[in-house]
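First up is the structure itself, then whatever we jot down about it.
The values are calculated or read from the model by the stated rules, or taken from the named source; none is laboratory data. For clarity, every value in this text was computed on a predicted model and none was experimentally measured. Neighbour counts run over all protein chains shown; Cβ positions are idealised from the backbone, glycine included.
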Amino acid sequence: MSYYTSQISSKLIDPNVFVSNLRCEFQLPKNDYGNRMRLENIGLFGGAPPEPSYNEYIGALASIKSIRLLNGRDELDACRECNRHLSFKRFNKTTQRNISYGQPSMKNDYALVYSGNGTGADAANAIVQGQISMDLGGLANRTVQTTEEATPKAYIDLREVFPFLKTVEVLPASLFPQLRVVIEYETDVRNLISVDNQTVTTTRPILACDVIEDKDLVMAMSKDLNGATWDAVEHDLIRIPANNANASNTLTSRRLNGFNNKRLMRFYIAKAPTNKAENVAAGNAVRGGGDLMSQALINEKFQVRINGSNKISRDGANNTKQRLSMLVDAYGECSTYYGASRVGADQGGFSIGLDGARNDYYGMYINDVVKDMEIQITRDTFANTVSANFAKPQSSGYDVHVFGDVRKALVVNGSDYQIVYA
C-alpha cells in the first residue's frame, strides 16, 4: 500500500535488557506502529578453529527458544518452542522459497537441488534424486566466526511467529502504549551449531519497526481492530516410552490438555529423541538440525481422537505418503526429499547431505472445539546394543511435540481491549 513509503518511518530499537545466551527484551517507545516488525542482527559468535557452522535446518534462528509480544503484562501473541516451530516452517515452504529467501535470511543449509530427468535406462538419469543443497554465498555465509562483528547474522519478519501481526495493520498507541518483545535463547549447543564441544555467544539483536506518522490514517485503520481474529500457535508435549525389545504394533496413547476448550483449526507433530545425546554422531558432529527435526519411526501408524471420535478412518494413517498428504492438505506445500521419512538400517547422510528419516512431520485439519483430545502412535520396536552415537528409532523414547493453531479474537471497547479464545 502507498502509505508504506509516504507515511511511515522505520525505527531501529536497541534492547533494553540483553543477557547473552539467556534473555533479551525490547521496550518500544509509545508510538503508532505498523504490523511490520523485523528482528535483525541474530547470530552467534565464538568457538574455535575449525569454526562450526549454524544449525543446518534453520541457521542462526535456532538461537531463539521462545518469543513473546506483550503490551505491559498482557500477552498479545507468543511462540513457545519457537526454533522448533521455525524448523517446521522451513519444511512447510517451497524449495524455491527456501533457496531464495531461507538461506539469506536464516543462514541455513536446506535448499534442495535434484539430478536426473526420470527417463532412460541409465540410473544416473532415470532416478530423480536429491543431489546437493544449493549454496548461496558459500560455506562462509553459514560459518560462525570468533568475533561478533565478523560472524554472519540472520533476520526474521516477526509476522512469521506472531500470527496476530498478520491480522492487524496497526498497533495504535492509544490501545497498546507499552509494547514489548521478549526473547528467551536456546541453551542446548546441539541445537545451535554443527558440533557439541564448542561454546558460542548470542549477538546483540536489533528490532526494526514501522511508525505510522499520519494520525488520520491510524484512526481509519484502527476501525478494523474490533473483531480481529487469528490462529495462534500453541504447543503441548507427550512422550513415547523407550522399548528395547522386539515388539510389533506397540501402541502409545496419550491425552493432551493444552487444547481443551479451544477451537483447534489444525495441528502438526514433530518427534525428537528424549535422549538428546542421540542427536550427536561420532566425533562431536551434530546430526542435521540437532533436536529441531521430526524422526520417522518403524512401521508407524497415527490416529487422533477428538471428543471421543476418530478423525482418521479405518485404522488411522499407516503410511508416510498418507500422513504427508494430510499435512499438505492442512498446511500447504512442503519441501522434502527421498528418505526424509523412511527409516533405514543406517541413519547416515543421503547424497544431499541431509540425514535420512529426520523430516517426518505429519498433522491434519480439525476445525473443532476440543473437549478431549487423544493422540495414538503405533510403531514396531527392536532390541539393539548399538553405540551411543547411533540414532535408535527402533527402540528409543521420543518427545512428541504437538503444535496447534487455535482461534483467538481481539475485542476492543473504546481504549480497552480483551484477547479471548474464539
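Here are the numbers for the structure shown:
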item	result
Long-range neighbours under 9 Å by Cβ, at least six apart or interchain, first residue in contact (Cβ under 8 Å) with a residue 60 or more places away in the chain and over 23 Å from Arg36 (Cβ atoms) within segment 8-21, second in a strand (DSSP E or B) and hydroxyl-bearing (Ser, Thr, Tyr)	Ser20/Tyr185; Ser20/Thr201; Ser20/Thr202; Asn21/Tyr185; Asn21/Thr201; Asn21/Thr202
Test result for Ala391, modelled with pLDDT of 90 or more and outside any strand (DSSP E or B)	no
Candidate set from segment 195-217 (those that are assigned to a strand (DSSP E or B), in contact with a Phe, Trp or Tyr (Cβ under 8 Å, 6 or more places away or on another chain) and among the β-branched types (Val, Ile, Thr)); member that is nearest to Ser10 (Cα to Cα)	Val211
Odd one out for Arg159, checked against (1) buried (at least 17 other Cβ atoms within 10 Å of the Cβ); (2) modelled with pLDDT of 95 or more; (3) not assigned by TED's automatic domain parsing to the domain that holds Asn284	(1)
Count - residues of segment 197-244 that are acidic (Asp, Glu) and either touching a Ser or Thr at 6+ places or on another chain (Cβ under 7 Å) or modelled with pLDDT under 95 (or both)	5
Candidates Tyr417, Tyr398, Tyr421, filtered to the one that is surrounded by 14 or more Cβ atoms within 10 Å (Cβ to Cβ), closer than 27 Å to Ala330 by Cβ and hydroxyl-bearing (Ser, Thr, Tyr)	Tyr398
First in segment 335-348 and on the phi < 0 side of the Ramachandran plot and part of a loop (DSSP other than H, G, I, E, B), second anywhere and modelled with pLDDT of 80 or more and among the β-branched types (Val, Ile, Thr), Cβ under 7 Å, 6 or more apart	Ser335/Thr94; Ser341/Thr320; Arg342/Thr320; Val343/Ile298
Enumerated strands (runs of 3 or more DSSP E) restricted to segment 9-101, each holding at least 3 residues that are touching a helix residue (DSSP H, G or I) at 6+ places or on another chain (Cβ under 7 Å) and crowded, with 16+ Cβ neighbours inside 10 Å	33-42, 64-71, 74-79
